[in-house]
Amino acid sequence: MIIVQDILISDDVVEEQFLCNLTSCKGACCWEGDFGAPLEPEEMATLEHIYDKVKPFLSPAGIAVIEAEGTYVYQQETQDYATPLIDGGPCAYMTYDKLGIAKCGIETAYKAEAIDFKKPISCHLYPIRISKSPESGFEALNYDRWDICSAACDLGKKEQLPVFQFLKEAIIRKYGPDFYEELEAAATHLKF
């Protein structure tokens, strides 16, 4: 376990390798699983604010769910807010590109410069998951192993790309450049 700026970081975040391989998995993390993408409190307001600009980038099924359930939902099982799902499956914000690869409609709107919000940080940080402990006040970053990402693990090993380096942009977005530099220094230290 590593501690950077009072954030606990699993050793796997620096020791394991990962590089998304969308041609193999087709973006399965957007439609697999039991819950939508976890949302930060400020992201819920952001999704409400940007919805009209994101809507043209969404599927009809996704639009129908969002307009019926809202831009986010409360998940009783996790006691957290998340993106809604289409019939308990795909994220309502998921779309497909011409090759049949799942894409985030929010990120597509961002790339089209329709909005300035890239996507929920939980999606951007994946395969890192944030765990928070209100009792201790600690926040932890853990590497989430999932069989649908086996091709990403293989490609990461081939390219020798640690999880934290693959997620450099997302980590900096969430915690800032100083945090990332400290994490990188700790990872370098662990190698010796």
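Side notes on the structure shown:
- Here is the figure for segment 47-83: residues that are in contact (Cβ under 8 Å) with a residue 12 or more places away in the chain and over 17 Å from Met94 (Cα atoms) total 5.
- Within segment 108-140, the set of residues being exposed (fewer than 12 other Cβ atoms within 10 Å of the Cβ) and within 23 Å of Gly156 (Cβ to Cβ) comprises just one member, Ser131.
- Of the strands (runs of 3 or more DSSP E) lying entirely inside segment 5-107, not one is found with 2 or more residues being in the same structural domain as Arg145 (by TED's automatic domain parsing), buried (at least 18 other Cβ atoms within 10 Å of the Cβ) and modelled with pLDDT of 95 or more.
- The criterion of being within 19 Å of the chain's Cα centre (by Cα), surrounded by 16 or more Cβ atoms within 10 Å (Cβ to Cβ) and touching a residue at least 60 places away in the same chain (Cβ under 8 Å) holds for Ala151.
The values are calculated or read from the model by the stated rules, or taken from the named source; none is laboratory data. Fair warning: this is a prediction, and the values are worked out from it, not measured in the lab. Reconstructed Cβ throughout: ideal geometry from the backbone, glycine too, with neighbour counts over all protein chains shown.
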